[in-house]
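The values are calculated or read from the model by the stated rules, or taken from the named source; none is laboratory data. Predicted, not measured: the structure shown is a model, and the values here were computed from it. Cβ placement follows ideal geometry from the backbone for every residue including glycine, while neighbour counts extend to all protein chains displayed. Heads up: the accessible areas ignore ligands, DNA and RNA and are worked out on the full protein's heavy atoms, side chains in. Shrake-Rupley method; radii C 1.70, N 1.55, O 1.52, S 1.80 Å.
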There are 2 protein chains.
Amino acid sequence: MVKKNIGRSFNIYPMPVVLVGTMTDGKANFMTAAWVTKLHSEPPLVGVSLGLRQHTAKGIRQTGQFSISYPTVDQAQLVDYCGLVHGYEEDKSAHVDLFHGALESAPMVRQCPVAMECRLTQTIELPKDYFFIGEVANVYATEAVLTEGVVDVAKLRPFVLTMPDNSYWALGERVGDAWSMGKALRKPGE
Amino acid sequence: MVKKNIGRSFNIYPMPVVLVGTMTDGKANFMTAAWVTKLHSEPPLVGVSLGLRQHTAKGIRQTGQFSISYPTVDQAQLVDYCGLVHGYEEDKSAHVDLFHGALESAPMVRQCPVAMECRLTQTIELPKDYFFIGEVANVYATEAVLTEGVVDVAKLRPFVLTMPDNSYWALGERVGDAWSMGKALRKPGE
């Protein structure tokens, strides 16, 4: 396959979609984010990149805490709304049934089947974004998405974001088993 | 929805899947990674978290360069293989048709329709992982996945990884338009 240089603007194909919750200026605030990744297993560390001027970034810097809630396809409209509107313009929490866990300043979204509260451990300052690294304190889930006590993705029904087509997609066909389907390519005898 | 505390071990639901390419000890090496995110638009910055002892991490530290290739569902077996095998045990590049762009030490995977070469800008040391931040120098794509010069996700057919069920999934039904379907929840007159 011959490749063409298409510049240096890029996306991750596809991106997860989460709601980041904070207490900003003493009020609960929620924002949609797709620039999010796991960083480390033990301690469990998550990273999220947010614009320097975001109301959510302000809250994380004020309190040192934040939450990440994982929506299901049923919350796509709510998630999109939380990505369209700035927290300093409109109180988004009016549409959110929020709950708290052990941390004071990490409100989570009850409509989302899985949510986790985090303590900020490190902030990487980039030219226009902060990359916040948080240690997960607790993960909360509704019984309906668990199988034998762990999150069952088929029950969670997450969705992803793709750009530049700006679309949300549900998961589709199962392609195969991870840490298994590649074994056929290993050298014989290994 | 009543929530249950299920501990602090977590995943991102779901995760993108990419191949990270390096020159390690002077040889091309490829590794599957799912802990990857966009961090910043201009300059375009990407971040990937890799185990301290990975052959790929060694290569990035040696050369200050790496690549990220985006597979399509057709490469799922190759991707899984590159995640199963350590580069210091087996030369994975035997299964890879590699190509180079402008950078000397960022070999990319020709089988993958989209790939990008990156210069390391920052390394965050975590207890057991490095989080590498790279600036994208160039993105390369095959004409077959482009529509009017930009990557068309429907043509790319990416897949995602979910854990703890260890499954790869294709994208399925389109749920809706991002930056649009949430407008209905805005306050009237805004």
Within the range A:16-32, can you find the residues that are surrounded by fewer than 22 Cβ atoms within 10 Å (Cβ to Cβ) and of a type outside the set (Asp, Glu)? A:Met23, A:Gly26, A:Lys27
For the range B:147-163, which residues satisfy the criterion of being farther than 20 Å from A:Gly172 by Cβ and facing chain A (nearest Cβ under 7 Å)? B:Gly149, B:Val150
Without any contact (Cβ under 8 Å) to a residue 24 or more places away in the chain and either at the interface with chain B (Cβ under 9 Å from one of its Cβ atoms) or within 22 Å of A:Trp35 (Cβ to Cβ) (or both): is that true of A:Lys187 in this structure? yes
Just one of B:Gly64, B:Gly51, B:Gly59 is at pLDDT 95 or above and either crowded, with 24+ Cβ neighbours inside 10 Å or of a type in the set (S, T, N, Q) (or both); which is it? B:Gly59
Considering only the range A:70-77, I want to know if a residue exists there that is more than 24 Å from A:Lys155 (Cβ to Cβ) and either basic (Lys, Arg) or surrounded by fewer than 24 Cβ atoms within 10 Å (Cβ to Cβ) (or both). no
A:Thr121 vs (1) closer than 28 Å to B:Asp165 by Cα; (2) more than 7 Å from chain B (Cβ to nearest Cβ); (3) in contact (Cβ under 8 Å) with a residue 40 or more places away in the chain: all pass except (1)
Scanning the range B:78-118 for residues that are in contact (Cβ under 8 Å) with a residue 40 or more places away in the chain, of a type in the set (Gly, Ala, Ser) and open to solvent by 10 Å² or more (accessible area, probe 1.4 Å) gives B:Gly83, B:Gly87, B:Ser93, B:Ser105
Suppose we filter the range A:88-102 for residues that are aliphatic (A, V, I, L, M) and over 18 Å from the mean Cα position of the chain (by Cα); how many remain? 2
Please state which one of A:Glu148, A:Glu125, A:Glu135, A:Glu143 is modelled with pLDDT under 95 and either farther than 19 Å from A:Thr72 by Cβ or open to solvent by 40 Å² or more (accessible area, probe 1.4 Å) (or both). A:Glu148
So which residues in the range B:169-185 are open to solvent by less than 70 Å² (accessible area, probe 1.4 Å) and part of a loop (DSSP other than H, G, I, E, B)? B:Ala178, B:Ser180, B:Met181, B:Gly182
What are the residues in the range B:108-119 that are closer than 13 Å to B:Val20 by Cα and not charged (D, E, K, R), if any? B:Met108, B:Val109, B:Cys112, B:Val114, B:Ala115, B:Met116, B:Cys118
Out of the residues in the range A:9-34 that are of a type in the set (Ser, Thr, Tyr) and part of a loop (DSSP other than H, G, I, E, B), which is nearest to the other protein chains (Cβ to nearest Cβ)? A:Tyr13
For B:Glu117, only one of the following conditions fails: (1) under 15 Å from the mean Cα position of the chain (by Cα); (2) not in a strand (DSSP E or B). What is its number? (2)
Considering only the range B:36-107, give the strands (runs of 3 or more DSSP E) lying wholly within it that have at least 3 residues that are at the interface with chain A (Cβ under 9 Å from one of its Cβ atoms). B:36-40, B:45-51
State all residues of the range B:79-136 that are of a type in the set (Asp, Glu) and closer than 22 Å to B:Val150 by Cα; if no residue qualifies, say none. B:Glu117, B:Glu135
